[in-house]
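The values are calculated or read from the model by the stated rules, or taken from the named source; none is laboratory data. Here the structure is a predicted model, which is why all the values come from computation and not from measurement. Here the Cβ positions follow ideal geometry from the backbone for every residue, glycine too, while neighbour counts run over all protein chains shown. Just so you know, the surface numbers come from the protein's heavy atoms only, side chains and all, with ligands and any DNA or RNA stripped out. Shrake-Rupley method; radii C 1.70, N 1.55, O 1.52, S 1.80 Å.
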Amino acid sequence: EHYLAILDKLLPRWRLLVITMEQGALRPGEAIGLRWGDVDASASRLRLSASRTKTGRARWVQLPKWLTDAIEATCPLEDRTDERKVFQGLNYSAASQAMSRACRLAKIPTYTLHGMRHRRITLWHHEGVPLKVIAERAGHSNRP
């Protein structure tokens, strides 16, 4: 309920970023730093290069097709260069403020951007996804 309330109160420019973070269990910096060269739309996945991850290990992040389609709809094909950011003009500080504002407007406890990552990891755990698979998906450095 809280997640949906947050999405309802977020301005559209922030909503796709938060959904992408939650669905892929991305760290805020990983999501904000995404470039079009990282998007493999045909396979509905994102490539996080080693230089853009906390652990220094590259990984693929699988996303639902509907989300990949929504991400693609934000930028015409001819404007996508490998180094162009997917989430143009968004930064961590402003995204954190948008998240806090959405929580305040929804009259719920304040959730952090990083909390979206934790939400997805918890959902995978409750769905019975093995811990080793969760660790790989989330890019944890200490895998079980």
| note | For Lys107, counting only lysines whose alpha-carbon sits under 25 Å away and dropping same-chain residues fewer than eight positions off, the answer is Lys9
| remark: As straight-line cross-link partners of Lys65, the qualifying aspartates and glutamates (C-alpha separation under 12 Å, not fewer than 8 residues apart within one chain) are Asp40
| query | Which shape class, rounded, prolate or oblate, goes with the stretch 75-128 when its Cα gyration tensor gives a ≥ b ≥ c as root eigenvalues, a/c under 1.5 marks rounded, and past that a/b bigger than b/c marks prolate? | reply | oblate
| field | trypsin sites (Lys or Arg not before Pro) within the stretch 87-144: DSSP coil, no more than 14 neighbouring Cβ in 10 Å | value | Lys107
| request: Please work out the FRET efficiency for the pair Thr55 and Leu131, using the Cβ-Cβ distance as r and a Förster radius of 25 Å; give the result to the nearest 0.05. | output: 0.90
| field | Charge dipole magnitude, Cβ of K and R +1, D and E -1 - the stretch 1-119, Cα centre, debye nearest 20 | value | 480 debye
| field | Sequence-separation-based contact order of the stretch 8-125, relative, with Cα cut under 8 Å and 6+ spacing, percent | value | 36 percent
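Sort 56-66, 26-36, 78-88 by packing, meaning the average of other beta carbons within 10 Å per residue, with the highest value first.
Highest to lowest by the protection proxy: 26-36, 56-66, 78-88.
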| request: Return one whole number: the accessible area per residue of the stretch 41-98 in Å², for a 1.4 Å probe. | output: 61 Å²
| request: Mark the label point 7 Å from the Cα of Asp69 along Cα→Cβ and return the residues of the stretch 9-39 whose backbone N is within less than 17 Å of it. | output: 16, 20
| said: Rolling a 1.4 angstrom probe over the protein chains, ignoring ligands and nucleic acids, what is the accessible area of Tyr111 in square angstrom, nearest 10? | reply: 80 Å²
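Give the carbon-plus-sulfur fraction of the accessible surface of the stretch 1-102 in %, rounded to a whole number; probe 1.4 Å, heavy atoms of protein chains only.
Whole-percent figure for carbon plus sulfur exposure: 51.
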| said: What does the extension gain come out to for Gln97 and Asp8, with contour length at 0.36 nm per residue minus their alpha carbon separation? | reply: 30.5 nm
| remark: Each label sits 7 Å from Cα toward the beta-carbon; between Ser42 and His118 the label points are separated, in nm, by 3.9 nm
| remark: So for the chain, using the alpha carbon gyration tensor with a ≥ b ≥ c as root eigenvalues (a/c under 1.5 gives rounded; past that, a/b versus b/c decides prolate or oblate), I'd call it oblate
